[in-house]
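One structure is given here, and the rest of the page talks about it.
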Amino acid sequence: MTKISDFFLELSDILQKNSEIILEKSEIFLRALPYPPISLPIDMKKVLFTLLFLLASIATFAQQSPAKSQLPAVMLRNLEGKSVKTDTLSNAGRPLIISFFATWCKPCNRELSAISEVYEDWQRETGVRVIAVSIDEGQNTEKVRPFVASKGWDFDILLDPNSNFRRAMGVNLIPHVLVLDGQGKVVLSRSGYTEGGEEHLIEKVRELVKQ
């Protein structure tokens, strides 16, 4: 809400400083029309032109807002049991990393532990958010919470016990990592993990932040 308030305060200041110019340009436009312009009192013209300018500015502002995520809509649950719809996953216009893992997958755990060690630094530098999606099935889902706690991972964790989200994203093997830009578009999709592979992820995130 602060950004929106700041926007309208700045817009108000611009309107006050440029009202005469707006009026002059608008009158030139009206005179150039192929039909006689409507005759309005000068004060009414100012009000009308100011409103038109305000509406145009709002439309521009809306177009610059982060787009809705392009992820498919699959219902998952977090570790607290709360339902989370995947098409709502976002990071306020900043990059997002989604990692598919399982408690029994050693390469997955090595990768997430490596990311965990530098996650705080990544967040300070780029504002990136990491979401780890467990595909553990059946009773194994009960192991996820204590397992994550034992690892000390400070990520958002989602449970995908039926692999619906995994299949929707076209993921076959784990570990599998997706990097999304601020508009929710997948810009990197990678399976497997080798030591140091997390550096490739943050480099991609840095590229996105600079754009």
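For segment 101-132, how many residues are of a type in the set (S, T, N, Q), surrounded by 15 or more Cβ atoms within 10 Å (Cβ to Cβ), within 21 Å of D181 (Cα to Cα) and out of contact with any Asp or Glu (no Cβ under 9 Å at 6 or more places or on another chain)?
1
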Within segment 111-140, residues at pLDDT 95 or above, closer than 24 Å to F165 by Cβ and assigned to a helix (DSSP H, G or I) come out as E111, L112, S113, A114, I115, S116, Y119, W122, Q123
Where G182 falls short, out of the listed (1) in contact with a Gly (Cβ under 9 Å, 6 or more places away or on another chain); (2) of a type outside the set (V, I, T); (3) without any contact (Cβ under 8 Å) to a residue 60 or more places away in the chain; (4) over 24 Å from T103 (Cβ atoms)
(3)
Selection from segment 164-188 of residues that are of a type in the set (G, A, S) and surrounded by fewer than 14 Cβ atoms within 10 Å (Cβ to Cβ):
G170
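Applying the selection to segment 82-110, what residues are over 23 Å from the mean Cα position of the chain (by Cα) and in a loop (DSSP other than H, G, I, E, B)? If you could, list the steps in order and put the result at the bottom.
Of segment 82-110, the ones over 23 Å from the mean Cα position of the chain (by Cα) are 102-110.
Result: A102, T103, W104, C105.
So is E207 free of Cβ contacts under 8 Å to residues at least 12 places away in the same chain and among the acidic types (D, E) or not? Break it down into steps so the answer makes sense when it comes.
On the way: free of Cβ contacts under 8 Å to residues at least 12 places away in the same chain: yes; among the acidic types (D, E): yes.
Spelling it out, E207 is indeed free of Cβ contacts under 8 Å to residues at least 12 places away in the same chain and among the acidic types (D, E).
Anything in segment 91-108 that is among the hydroxyl-bearing types (S, T, Y) and under 17 Å from A168 (Cβ atoms)? List them, or say none. Reasoning before the result, please.
Here is the first cut: in segment 91-108, the residues among the hydroxyl-bearing types (S, T, Y) are 99, 103.
If the condition is that a residue be among the hydroxyl-bearing types (S, T, Y) and under 17 Å from A168 (Cβ atoms), then S99 is the only one that fits.
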Can you name the condition, by its number, that F61 falls short on among (1) in a helix (DSSP H, G or I); (2) modelled with pLDDT of 95 or more?
(2)
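Report yes if W104 is modelled with pLDDT of 95 or more, more than 20 Å from E207 (Cα to Cα) and not small (G, A, S), otherwise no. Show your work before the answer.
Numbers: modelled with pLDDT of 95 or more: yes; more than 20 Å from E207 (Cα to Cα): yes; not small (G, A, S): yes.
Spelling it out, W104 is indeed modelled with pLDDT of 95 or more, more than 20 Å from E207 (Cα to Cα) and not small (G, A, S).
The values are calculated or read from the model by the stated rules, or taken from the named source; none is laboratory data. Bear in mind that the values here come from a model prediction, so they are computed numbers and not experimental data. Cβ sites come from the backbone with ideal geometry, for glycine too, and all protein chains shown count toward neighbours.
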